[in-house]
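Visitor: Here it is, the structure in full.
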Amino acid sequence: MDTENKTKKEEKETEIDLLELGQKSIKGLSTFINYIINLIITIITKISYFFLRNLLAFFIIFALGIGAGFSTYNLKKQYYHSEMIAFSSIAANSEIVKSVNNWNYAREFSKEDAEKIKDVTSSFLIDYNGDGSWDIIEDIRTVDKLDTTLGTRVNGGFAVMIDVYDTSMVMPVKEKLMKFLFANEKVQRRNKQRLLKKDRLQSKIAEQLYLLDSLQKYEYYKEDEPIIASTPGDNMLVLQKKEKRLYHSSILDLYAQEVELKRQIVANPDPYDVRVDFEIPRTGSVTIIREILVDEIIFLILGIIIVFLRERRNDIKYNIRKAKEEEI
């Protein structure tokens with residue numbers, strides 16, 4: 001009896017201890033949450049007071065940022081951007097990207113026209129979400145790397161970007177670019193071999209289609225004799241006729257391949273397939289809003305540092321003087 005009472009007493013004490021531990025944990029968590037909330041409120045309050053105390057200074061900084069944005073916009077030379085998205089049929093896209101980025105386009109134009117061209121660059125197409133289609137153009141600064149962390153480079157796909165100071169140069173640059181990339185004997189030979197291979201494959205598929213079609217007709221109209229087997233007791237057993245084999249699925253698959261090959265030969269006879277062609281841009285790449293935003297951010301960061309140091313200049317001087325006295 002004493003043992004039972006002792007056990008119950010211990011269980012009750014354990015329950016009390018657990019209850020107290022739970023209450024302390026909840027109280028500690030609540031204290032921590034309140035501390036975080038108060039810290040956030042304090043930081044926001046101090047930042048607000050900091051800006052309010054120096055409202056005039058920041059108003060001047062804001063005005064200077066706008067003025068700098070207008071000045072930057074007027075000083076920068078306006079240029080226009082156009083893009084082409086294409087797929088190569090005869091070469092790896094890495095070859096084309098490297099060729100374009102190493103192209104000395106200035107040699108293709110007169111000095112006057114070359115000065116109207118800002119840059120001609122090429123990059124890979126990136127499949128960002130893994131659906132097999134391109135989503136973004138890779139940054140030109142990472143094209144020399146073997147791979148990218150943004151996604152998968154689309155096989156065969158590439159982008160060419162033209163930046164010009166005069167929109168009348170977009171199409172002449174495109175014409176020279178296509179000639180540089182594809183109008184040479186090596187490329188034409190590769191493309192001829194590609195089309196010949198597809199033509200031969202198409203002929204082979206047509207031959208197989210004819211054979212399958214003939215075989216299907218033969219087996220369909222052929223009258224199979226019933227199979228007769230002998231059983232013990234000289235009884236004759238007539239078995240069912242063999243089920244006829246159909247070839248519809250194989251014929252349709254081959255036909256789909258033949259249609260696709262014909263489409264590729266007719267629709268894509270060139271060594272490249274342009275999906276999005278160059279267009280004459282209507283607006284320039286240098287915009288006043290962008291320049292103001294960039295300059296405002298720069299001025300705001302510098303302004304916060306300068307104002308903060310100005311407010312703390314006495315403390316800074318005191319700490320410097322104290323450090324010098326301690327050295328002595």
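Readers should treat all values here as calculations from the given coordinates under stated rules, not as data from a laboratory. Being a predicted model, the structure only gives us computed values, none of them experimental. Counting neighbours? That spans all protein chains shown, and the Cβs are built from the backbone with ideal geometry, glycine included.
Visitor: What is the magnitude of the charge dipole of the stretch 276-328 about its Cα centre, with +1 placed on the Cβ of each Lys and Arg, -1 on the Cβ of each Asp and Glu, and no other charges, expressed in debye to the nearest 20?
Guide: 420 debye
Visitor: Taking the Cα centre of the stretch 122-198 as origin and charging only Cβ (+1 Lys, Arg; -1 Asp, Glu), how large is the dipole, in debye to the nearest 20? Don't skip to the end; give the middle numbers.
Guide: On the way: 13 positive and 11 negative charges, 173 e Å.
Its charge dipole is roughly 820 debye.
Visitor: Tell me, what is the percent relative contact order of the stretch 80-190, built from C-alpha pairs under 8 Å that lie six or more residues apart? Can you show the working numbers first?
Guide: Values: 164 pairs, mean separation 41.2, N = 111.
That works out to 37 percent.
Visitor: Determine the gain in length on full extension of the stretch Lys198-Ala323; use 0.36 nm per residue of separation and subtract their C-alpha separation, reporting nm with one decimal.
Guide: Numbers: separation 125, 0.36 × 125 = 45.00 nm, distance 8.26 nm.
Net length gain for the segment: 36.7 nm.
Visitor: In nm, to one decimal, how far is the modelled label at Asn155 from the one at Lys262, with both set 7 Å along Cα→Cβ?
Guide: Distance between the two pseudo-spin positions: 2.6 nm.
Visitor: Suppose each label sits 7 Å from its Cα in the direction of the beta carbon; what would the Ile297-Arg189 distance come out to in nanometres?
Guide: Those two pseudo-labels are separated by 5.1 nm.
Visitor: For the stretch 149-196, run through the trypsin sites (Lys or Arg not before Pro) and keep only the ones in DSSP coil with at most 15 other Cβ atoms within 10 Å of their Cβ. Please report the intermediate quantities before stating the final value.
Guide: On the way: sites: Arg153, Lys174, Lys176, Lys179, Lys186, Arg189, Arg190, Lys192, Arg194; in loops: none.
Here no loop site has a sparse enough neighbourhood.
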